[in-house]
Amino acid sequence: MLEITRIRENKTEIIELLKLRNMDAAAQIEKIIAVDADWRSNKQKQDSLLAESNALAKEIGQLFKLGKREEAEEAKKRGGEIRDEEKKLDEVVGKLADELQSLLYEIPNVPHSSVPLGNSDEDNVKISEAGEIPTVGADWIPHWELAKKYDLIDFDMGVKVTGAGFPFYMGKGARLQRALINFFLDEARDAGYKEVIPPFLVNEASGYGTGQLPDKEGQMYHDAQGDLYLIPTAEVPLTNMYRNVMLAEADLPLKTTAYTPCFRREAGSYGSDVRGLNRLHQFDKVEIVRVEHPNQSYAVLDQMVAYVQGLLTKLGLPYRTLRLCGGDLGFTSALTFDLEVYSAAQDKWLEVSSISNFETYQANRLKLRFKGADKKKSLAHTLNGSALALPRIMAALLENNQTSTGINIPEVLVPYTGFDKI
RNA sequence: GGAUAGUUGGCAGAGUGGUCGAAUGCACUAGUCUUGAAAACUAGCGUACCGCAAGGUACCGAGAGUUCGAAUCUCUCACUGUCCGCCA
């Protein structure tokens, strides 16, 4: 959520930058400013009524003490009148506050000025490409066929037991999956991230804290009885650890990592890009999260991108780095880089990581602040990135490393898998 | 699932209708004293919002109510602790 003071003071700039999202926010911003002004003036009236009523109540107490019954009764009458008036105003003020709140929830984060214009993922800007694109052999097959051939993943079993998008990993497939998780966690630890095992269900307040609610309500699995949500990413519990927290400037930066399964309804997505591991309702991911000083956050974003690129290099996967355009930028993000790996047999680039700077957008909802040396309080910046999302990594590893005699396991993973070939 | 107790400032912990935004202790900050430190002493020390300011308002788990006036009374809800049962 954007800070109301920022909107008051920089509305022209905000409207201008939101155009990068193909959004004409002028009317909405003006509405917010109007409602805010309305709220403030009514609030002021209410406050002075309350002040009057408080003073009167004290007076009545005194009058009773002095035994001036009649005067007290007279004052009581006036007090009642003031209270009636205040009640009416209270309703107005409450309504305006609610309206302001929901208007603010509807405004996405202001894009960083480097965000390119564009409508969809097709307009994302490639900033680099690395690694060697393998030459596809005549007999190469996509990962879902490899999975069947070598008994690595059983999609049909998933359908039987749960439903589409919930595969079973079997035998060496399961071990490879576990190896990847451990590899990613160890790398993150070496990079200074504190490992965490968070809950996989979160409450409503956490959903609001990181911005999944209210705008992505339908994307999360919801337990109605306990009013809990299955996490769509570890970002939610990890970042919400810092909800309502006042840090000291010296505490920054905070770096955490977690492996969790992620649950996504993916309502409305279908087609050829959901085959095999390409899009699942449950998948594994290692996430890195950082809480940073505002003047560090963009340098840190670059570091995070470089870190994840390093992981892909170690795995020997060809990848490219994209700067997301305004049309593809997440609701809460100011700037996002996506990393895509090339999956040879499908001849497709698959998104395996999304690394974002949310600036103060999440911190404002979270009330995540730090106190500077001068005792001034500021909102912190939050960032996160996938490091990495497993299924598509698995898909690319299987497809790119297939040979006529089996699938080769990257060297860095062998200590984790205990085998070098499938 | 059953029973019971609780939820007050960073922490501990008073406070059962008016001068309580809230005692006291600890912690913290500044100062005095000291060669330095400790101790002692003195003073300060919650958060948010509105306002140029003076100042005002709100907050004692959340919400609603009674009252001229609520941390204090009433109702609803949430959460936490403890004991019993069940269970990985």
Next item on the list: Scan region A:71-90 residue by residue and report those that are more than 7 Å from RNA strand B (Cβ to nearest atom) and not aliphatic (A, V, I, L, M).
Entry: A:71, A:73, A:74, A:77, A:78, A:81, A:84, A:85, A:86, A:87, A:88, A:90
Next item on the list: Among the residues of region A:197-236, write down those that are hydroxyl-bearing (Ser, Thr, Tyr) and either within 16 Å of residue A:382 (Cβ to Cβ) or over 15 Å from the mean Cα position of the chain (by Cα) (or both).
Entry: A:206, A:208, A:210, A:221, A:233
Next item on the list: From the list A:350, A:383, A:368, pick out the single residue that is under 19 Å from residue A:247 (Cα atoms), assigned by TED's automatic domain parsing to the domain that holds residue A:255 and in contact with a Lys or Arg (Cβ under 6 Å, 6 or more places away or on another chain).
Entry: A:383
Checklist line | Residue count, region A:265-315 (criterion: within 29 Å of residue A:412 (Cβ to Cβ), more than 21 Å from the chain's Cα centre (by Cα), at pLDDT below 95 and surrounded by fewer than 18 Cβ atoms within 10 Å (Cβ to Cβ)) | finding: 2
Checklist line | Qualifying positions in region A:380-422 - out of contact with any Phe, Trp or Tyr (no Cβ under 8 Å at 6 or more places or on another chain) and among the hydrophobic types (A, V, I, L, M, F, W, C) | finding: A:393, A:394, A:395, A:397, A:398, A:414, A:419
Notebook entry, point to check: Are there any strands (runs of 3 or more DSSP E) wholly within region A:318-379 with 1 or more residues that are among the hydrophobic types (A, V, I, L, M, F, W, C), farther than 30 Å from residue A:275 by Cα and within 16 Å of RNA strand B (Cβ to nearest atom), and if so which?
Noted result: A:368-371, A:377-379
Checklist line | Residue that is nearest to RNA strand B (Cβ to nearest atom), among those in region A:217-241 that are assigned to a loop (DSSP other than H, G, I, E, B) and β-branched (Val, Ile, Thr) | finding: A:231
Next item on the list: Kindly indicate which of A:336, A:332, A:360 is closer than 22 Å to residue A:311 by Cβ and either of a type in the set (Gly, Ala, Ser) or within 20 Å of the chain's Cα centre (by Cα) (or both).
Entry: A:336
Next item on the list: Give just the number: which of (1) over 30 Å from residue A:362 (Cα atoms); (2) buried (at least 17 other Cβ atoms within 10 Å of the Cβ) does residue A:118 not satisfy?
Entry: (1)
Next item on the list: Hey, could you check region A:27-69 for residues that are of a type in the set (Gly, Ala, Ser) and farther than 30 Å from residue A:11 by Cβ and say which is farthest from RNA strand B (Cβ to nearest atom)?
Entry: A:67
Note to self: Restricting to region A:91-131, name every residue that is farther than 30 Å from residue A:59 by Cα, within 14 Å of RNA strand B (Cβ to nearest atom) and either of a type outside the set (Lys, Arg) or in contact with a Ser or Thr (Cβ under 8 Å, 6 or more places away or on another chain) (or both).
What the structure shows: A:96, A:97, A:98, A:100, A:101, A:104
Check: Based on what the data block shows, is residue A:100 in contact (Cβ under 8 Å) with a residue 60 or more places away in the chain and surrounded by 15 or more Cβ atoms within 10 Å (Cβ to Cβ)?
Finding: yes
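The values are calculated or read from the model by the stated rules, or taken from the named source; none is laboratory data. Predicted model, so just to flag it, every value in this text is computed and none were measured. Quick reminder, even Gly has a Cβ in these numbers, built from the backbone with ideal geometry, and neighbours come from all protein chains shown.
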